[in-house]
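K.L.:
Below: one structure in structure tokens.
Taken together, the values in this text are just the output of simple stated rules run on the coordinates, not laboratory data. Predicted, not measured: the structure shown is a model, and the values here were computed from it. Positions of Cβ are generated from backbone atoms using ideal geometry, with glycine treated the same way; all protein chains shown enter the neighbour counts.
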Amino acid sequence: GENVEQHPSTLSVQEGDSAVIKCTYSDSASNYFPWYKQELGKRPQLIIDIRSNVGEKKDQRIAVTLNKTAKHFSLHITETQPEDSAVYFCAASRPPGNQFYFGTGTSLTVIP
Amino acid sequence: DVKVTQSSRYLVKRTGEKVFLECVQDMDHENMFWYRQDPGLGLRLIYFSYDVKMKEKGDIPEGYSVSREKKERFSLILESASTNQTSMYLCASRRRTSGSLEQFFGPGTRLTVL
């Protein structure tokens, strides 16, 4: 099956700085890579996703990049704000079932 | 707006008890999933279902079973609860036929087995 590794497990940044979270996957057939944000006590929610036919995708302050050859993808958050503090999970998915294989999570703290 | 609900936010059970965790979604989604979330281990898939009466094992099905008698409801069953099943349980659902693979999560049930 698929194996997704996520680093770092914790990350602290000053407000306004950038944050980068990296994930690697093992199965070259994986073709969909979502990122979920889970605030304390809340449910995980999708913040951005990317398919394997695209190398980069941006949505305001967040972006995801994908390197299929190296089998890794990264989440980039620019101009971080305190409300970005949360646990972030990456995942990989492959057909036919498209079930998600999640990374172990990154706890991001943005220091005001 | 997709709504996924779970029957309890917090549950305390004793070792050996049979435990039912219920998940209901109101968006006519075909696919439903059960995960457990543990610190440092992320979300691990227990079971999933692509349609009524269908079920598939995920990565950690041991000690669990599921039931999908109606499209909107997916139940996770712990036949004989053990202390190592103390965890946060998250249900999710997804529409099979849309272009999006997004899974929508419920609020979670924090289960403590004493």
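K.L.:
Using DSSP to call loops (not H, G, I, E or B), can you name the trypsin sites (Lys or Arg not before Pro) in the stretch A:1-89 whose Cβ has at most 16 other Cβ atoms within 10 angstrom?
P.N.:
Taking the stretch A:1-89 and a limit of 16 other Cβ atoms within 10 Å, the loop trypsin sites (Lys or Arg not before Pro) found are A:Lys42, A:Arg61, A:Lys68, A:Lys71.
K.L.:
Under a point spin-label approximation (7 Å from Cα along Cα-to-Cβ), what is the B:Glu72-B:Leu114 distance to one decimal in nm?
P.N.:
Taking the simple label geometry, B:Glu72 and B:Leu114 are separated by 3.5 nm.
K.L.:
Pop out the Kirkwood hydrodynamic radius of the protein assembly as shown from its pairwise C-alpha distances, inverse of mean 1/r, in Å to one decimal.
P.N.:
Across the protein assembly as shown, the inverse of the average 1/r is 18.1 Å.
K.L.:
Thinking of chain B as a set of Cα atoms, what percent of all their pairs are more than 22 Å apart?
P.N.:
Numbers: 1675 of 6441 pairs.
Here the tail beyond 22 Å accounts for 26 percent of pairs.
K.L.:
What does the structure give for B:99-108 when I average, per residue, the other chain Cβ atoms found within 10 Å of the residue Cβ?
P.N.:
Average per residue, whole number: 5.
K.L.:
Once you place label points 7 Å from the Cα toward the Cβ at A:Asn3 and B:Ile60, how far apart are they in nm?
P.N.:
Modelled inter-label distance: 1.7 nm.
K.L.:
Measuring from label point to label point, each 7 Å out along Cα→Cβ, what is the A:Asn67 to A:Ser107 span in nm?
P.N.:
2.9
K.L.:
Kindly give Rg over Rh for chain A, based on alpha-carbon atoms, with the Kirkwood expression for the hydrodynamic radius.
P.N.:
Values: Rg = 13.4 Å, Rh = 14.0 Å.
Rounded to two decimals, Rg over Rh is 0.96.
K.L.:
To continue, here is another question. Longer than 26 Å from Cα to Cα, which of A:Lys58/B:Lys57; A:Lys22/A:Lys57; A:Lys37/B:Lys70; B:Lys3/B:Lys71 are they? Say none if no pair is.
P.N.:
A:Lys58/B:Lys57; A:Lys37/B:Lys70
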